[in-house]
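A quick write-up on the structure given underneath.
The values are calculated or read from the model by the stated rules, or taken from the named source; none is laboratory data. Model, not experiment: these values are computed from the prediction. Here Cβ is always computed from backbone atoms with ideal geometry, including for glycine, and neighbour counts include all displayed protein chains. What goes into the accessible areas is simple: the full protein's heavy atoms, side chains included, and nothing from ligands, DNA or RNA. Shrake-Rupley method; radii C 1.70, N 1.55, O 1.52, S 1.80 Å.
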Amino acid sequence: HYLNNIFVLLPAFDEASFYASFDNMYSSNIRKAEPFDHWIVRMVLAIGSASMSQQRGDPDYMEGIGHVCAALEYAEAVLHPGNIAGVQALVLLTEYAMLDPHHFDSWSLIGAASRAMTDLGLHQDPPKGTPMLKGKLELRRKVFHCIYALDRSTSLVQTRAFSFSDDSAKVKLPFHKPSSAPTSPSGNGSPQKAWLQSYEQAMDLINLRQLQSAWYTDLFQSGRTRWEEPYPYLWDTCDAMRRWFDNLSPTTSPNMR
């Protein structure tokens, strides 16, 4: 449920690494699992359960609380600055907080994630020529864009300032909408997916948050002078968001749409 409904919008980790953590947790060697393995598996289960809850106190809600409590036993070993895993851990906790505001404050958590991200320099792509494995670079970009999407969403809902401005960040997308199905490098013409999950919905969400970020900055964070004629800007903005919706990926399910 998490991978099909939330991960496709916020791919804050590599799907393959999640399965590796899952295998480590259920290994016969109990010492094989690291604290982050326990954290990511428990938080995915917590978020998945909470997202299926219909009201506070129902079985899915209580299941989510059980998993997040189990995850928090490893908080001291996981939630610390200085590495990308700590930022990912905060992103997952923020996702849960948005579903369970009774116990957690998503505003504080996304702010902490944004500061940890900035400290690591994830808000800027490395300079050209910097030696870095492609997988590590793509993971940096994924984590940044997940934080960007969550920060913009939280700020808009709570009518607060962004944790960081668009001008302060310069990070390319780690994925792109495919114009056609990619073929395998062997050249035999058989389709081969480059990812376990499609990132089309994630890219659509980022595009929406970028649109929202621009008008929210213009309207509420760019000065105090009253606009003489605001409506041309407002209608142009509404039209841009309408065109965004009309151009959603055709593979987007009605529920996701």
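Across the range 188-228, which residue is modelled with the lowest pLDDT among those that are among the basic types (Lys, Arg) and more than 20 Å from Gly135 (Cβ to Cβ)? Out of the qualifying residues, it is Arg224. Looking only at the range 104-131, which residues are exposed (fewer than 12 other Cβ atoms within 10 Å of the Cβ) and either β-branched (Val, Ile, Thr) or more than 18 Å from the chain's Cα centre (by Cα) (or both)? Selection gives Pro127, Lys128, Gly129, Thr130, Pro131.
For the range 240-249, how many residues meet the condition of being touching an Asp or Glu at 6+ places or on another chain (Cβ under 9 Å) and either open to solvent by 100 Å² or more (accessible area, probe 1.4 Å) or over 14 Å from Ala202 (Cα atoms) (or both)? First the steps, then the outcome.
Quick first cut of the range 240-249, residues touching an Asp or Glu at 6+ places or on another chain (Cβ under 9 Å) only: 244, 247-249.
Going one step further and asking which of them are either open to solvent by 100 Å² or more (accessible area, probe 1.4 Å) or over 14 Å from Ala202 (Cα atoms) (or both), we end up with 247.
Number of matching residues: 1.
For the residues Arg152, Arg160, the requirement of being in a loop (DSSP other than H, G, I, E, B), modelled with pLDDT of 85 or more and in contact with a Phe, Trp or Tyr (Cβ under 8 Å, 6 or more places away or on another chain) singles out Arg160. Residues of the range 24-59 being touching a Gly at 6+ places or on another chain (Cβ under 9 Å) and surrounded by fewer than 19 Cβ atoms within 10 Å (Cβ to Cβ), which ones? Those that are touching a Gly at 6+ places or on another chain (Cβ under 9 Å) and surrounded by fewer than 19 Cβ atoms within 10 Å (Cβ to Cβ): Ser51, Met52, Ser53.
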